[in-house]
Every structure is written in structure tokens, then in C-alpha cells.
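Single-structure report; data block below.
The values are calculated or read from the model by the stated rules, or taken from the named source; none is laboratory data. Keep in mind that what you see is a predicted model, and the values were worked out from it rather than measured. Cβ atoms come from the backbone with ideal geometry, glycine included; neighbour counts cover every protein chain shown.
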Amino acid sequence: MKTLAATAALLITAVAGATFATAASADGLTREQVRAQLVEAQREGVVPTTPADYPPSASEIARNRTTYQAQFGKSDEPARWVSQG
């Protein structure tokens, strides 16, 4: 009886874990997708400099874009950040 109860508990745990993992991956974003979105937001200048500057003003967005271009220009370095694990 104990073996049957332990087997049933193990089976339920395994099914629940597999279901949760499938649901999380289907609804959520991958790390690579989140990194790509962050790099794009930085490129567009919409990431505020400080929490007090949220949401960023048009002048701050322009300044952030200029800073990004000065720092990276046409470099592929930010794209490499996306694929790092």
C-alpha cells in the first residue's frame, strides 16, 4: 500500500512539474528574447537614466540615443549580449 501511494505521489508530481514547465515556456519569454528587447530599448533610448526620470522625456530619449551611438556606433557588441547565456 505504501509503495502504491508513493508511486502515485511521484507520478502526480512528475505530471504537475511537466505541465508547469510547458505552461511557463509557452506563455513567457526566453532569456534571449528579454535580452534582445532590452538591447532594442537601449538603442531606442527609452530606458530611463534614473528611476526618477520615468517615463523618459523626449529630450532624455534623444540624449540616450546619442550616448548609445557614441558608445557602440555600428558595433555588434550589444547583439552578442543577446546570445550569451
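Listing for the model above:
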item: Helices (runs of 4 or more DSSP H) wholly inside the chain containing at least 3 residues that are loosely packed, with under 10 Cβ neighbours inside 10 Å and modelled with pLDDT of 85 or more; result: 58-72
item: Subset of the range 55-76 [of a type in the set (G, A, S) and over 13 Å from V39 (Cα atoms)]; result: S57, A58, S59, A62, A70, G73
